[in-house]
Every structure is written in C-alpha cells, then in structure tokens.
1. Yes or no: A117 modelled with pLDDT of 95 or more, buried (at least 18 other Cβ atoms within 10 Å of the Cβ) and under 13 Å from the mean Cα position of the chain (by Cα)?
2. Restricting the range 51-68 to residues that are under 10 Å from the mean Cα position of the chain (by Cα) and not in a helix (DSSP H, G or I), which is farthest from S8 (Cα to Cα)?
3. Can you pull out every residue in the range 1-22 that is out of contact with any helix residue (DSSP H, G or I) (no Cβ under 7 Å at 6 or more places or on another chain), charged (D, E, K, R) and buried (at least 17 other Cβ atoms within 10 Å of the Cβ)?
4. Given the criterion touching a Lys or Arg at 6+ places or on another chain (Cβ under 9 Å), aromatic (F, W, Y) and closer than 22 Å to V123 by Cα, identify the matching residue among Y59, Y91.
5. Can you confirm whether the range 150-165 contains a residue that is closer than 25 Å to K48 by Cα and of a type in the set (S, T, N, Q)?
6. Return yes or no: is G47 at pLDDT 95 or above, part of a helix (DSSP H, G or I), of a type in the set (G, A, S) and under 27 Å from H134 (Cβ atoms)?
7. Give just the number: which of (1) surrounded by 15 or more Cβ atoms within 10 Å (Cβ to Cβ); (2) over 15 Å from L64 (Cβ atoms) does D126 not satisfy?
8. Please give the helices (runs of 4 or more DSSP H) falling wholly within the range 86-166 in which 3 or more residues are without any contact (Cβ under 8 Å) to a residue 60 or more places away in the chain and hydrophobic (A, V, I, L, M, F, W, C).
Amino acid sequence: MVKIAIGSDHVGYELKPEIIEYLKELGYEVSDFGTYSSERTDYPIYGKEVAQKVAAGEYDLGVLICGTGVGISLAANKVPGIRSVVCSEPYSAKLSKEHNNTNILAFGSRVVGAELAKMIVKVWLDAKFIGGRHQRRIDEIAAIEANNDEKFEAIKVANSQKYADR
C-alpha cells in the first residue's frame, strides 16, 4: 500500500482532514504530521517534517497545505531528494509527476477549495513518471542539489550531444 505523509500549517488545518479522508477513500495509508490546531504556526516546520519522511523512504509521497502552497513547498524543497510542486489546477499536477517525478504535492487552502484540491490530488496520484528525456533533467536537478558542477556539466554535455544528433 502506498504511504502518504501529510502536513499543513494553521491556514491549511481546516482543509487537511477532508484531504486525509479522501486519500483514505482512495485506498492510501495516510499519516498526519501536523499541525493539529488552528493556532498560528510556521509552515516550514511541517514542510520539513513531511519532506524528511519522504526523502528517508518512510513514506512514498507527501501532501502539504498552507495558504498558497508556495511557502510550505519551498521549505520541503530544501530537503535533498525532494521534488515538491505547488499546483492550483490538475494539468500542472499531472505533468509534474509525468515529467518531474514529483514526490510531494502542495496547494493553498486560500487558493483552491476542497473539491478542486481533491481533483488535483487524484490526477497527481494517478499520473506516472514517463522517464526518457525527463530522467536526464531530473539527474541534472539532482546534480545541482548535490552542488556537483562536474556531474551537472557532464550530463549537460551528454544531453547537448543527444539533441545535436536529432
């Protein structure tokens, strides 16, 4: 069973239970990493917590909610191995998984309502990474993340040659 870690700040707190219930209805195992009240808190706490769980392989995927989805996604993306995306509509969610193999989905409770959030989640979960040329790009991102300029340049040169051969 696919395990999903979920987290939110105080702004996403009210939407989070609806998303948790929806994920469970879809057959996913879900663990809530906070916040557990509407008391003001800082979104990086929950972005980091969920991202670390996903990066460590304890959870397959993550879902994050704050006011816009932006701040909590930025925090999550600071954890090596995380490719978090903010989506306010299903098309970007689908392509983020197909092209970027995103492992965390973020959205804003001030931007999308519960039904649109569910649509975004469903499309993202149903999408599959298609690999190919997209894997090379993820490898480049990983080299940037590792601050490995030599590896990045090697991938870039190899990719340039592949494009030139077409």
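1. Here the answer is no, as A117 does not meet what is asked.
2. The extreme case among them is L61.
3. Selection gives K16 alone.
4. Result of the check over Y59, Y91: Y59.
5. Checking the range 150-165: not a single residue is closer than 25 Å to K48 by Cα and of a type in the set (S, T, N, Q).
6. yes
7. (1)
8. 114-126, 133-145, 149-164
The values are calculated or read from the model by the stated rules, or taken from the named source; none is laboratory data. The structure presented is a predicted model; accordingly, all values stated were derived computationally and were not measured. We place every Cβ from the backbone using ideal geometry, glycine too, and count neighbours over all the protein chains shown.
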